[in-house]
Amino acid sequence: MLAPAVRTATLEDAEAIRAIYNVEVTTSTVTFDLEPRTLAAQRAWLAARSGAHSAIVAEAGGEVIGFASLSPWKDRPAYRTSVEDSVYVHRAHQGSGVGRLLLGHLLEVANRSGFHAVFGRIVGGHEASIRLHTALGFEVIGVEREVGRKFGKWLDVVVVERLLP
């Protein structure tokens with residue numbers, strides 16, 4: 001397989017992103033969404049991502065194999081220099097460095113965009129995502145206990161943070 005390349009996501013990527021995301025919605029706790037996204041909802045999500053809060057994709061051989069985005073951390077104006085990251089990798093490509101490539105690129109985008117703090121909110125027990133974030137300089141700053149419920153289980157959220165220069 002060719003080495004993955006990272007680029008800004010476009011509306012044409014909506015179906016590929018939706019396919020990756022919906023597997024996680026329906027089979028895992030890595031997202032707290034409970035209903036799969038429709039194509040229209042995925043296109044709306046992409047359309048809302050522009051400028052510093054844009055989405056990116058990793059692709060190899062013309063196929064989208066992962067995506068990531070930056071979202072506002074909170075909606076109050078004083079938080080405008082803080083963002084939250086999201087990273088999703090197609091299951092066939094997990095563990096191959098795609099997540100690290102995407103998160104590394106996302107951190108560069110955040111830095112160039114003038115953000116100061118980048119947060120990740122990771123479901124408790126998702127050690128691969130925690131390791132990915134800590135390998136790229138994030139620190140675990142807390143745990144939100146039993147804040148989500150999915151598949152009949154209470155779920156914790158591990159909060160990680162990285163301050164940018």
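We did not get these values from a lab; they are worked out from the coordinates using the rules stated. What you see is a predicted model, and the numbers here were worked out from it, not measured in a lab. Every residue, glycine among them, receives a Cβ derived from its backbone with ideal geometry; neighbour counts consider all protein chains shown.
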Which distance in Å, rounded to a whole number, links the C-alpha centroids of the range 96-147 and the range 7-71? 17
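Can you tell me the FRET efficiency between Ser96 and Glu24 if r is taken as the Cβ-Cβ distance and R0 is 22 Å, rounded to the nearest 0.05?
0.80
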Computed about the Cα centre, the charge dipole of the range 5-163 from +1 Lys/Arg and -1 Asp/Glu charges at the Cβ has a magnitude in debye, to the nearest 20, of 220
Run through the range 82-165 and list the chymotrypsin sites (Phe, Trp or Tyr not before Pro) located in a DSSP loop whose Cβ has at most 13 other Cβ atoms within 10 Å. Phe151
Cα lying deepest toward the dipole's positive end in the chain, options Gly137, Pro36, Gly66, charges on Cβ: Gly137
Computed for the range 1-56: size of charge dipole around the Cα centre, +1 on C-beta of each Lys and Arg, -1 on C-beta of each Asp and Glu, debye to nearest 20, value 160
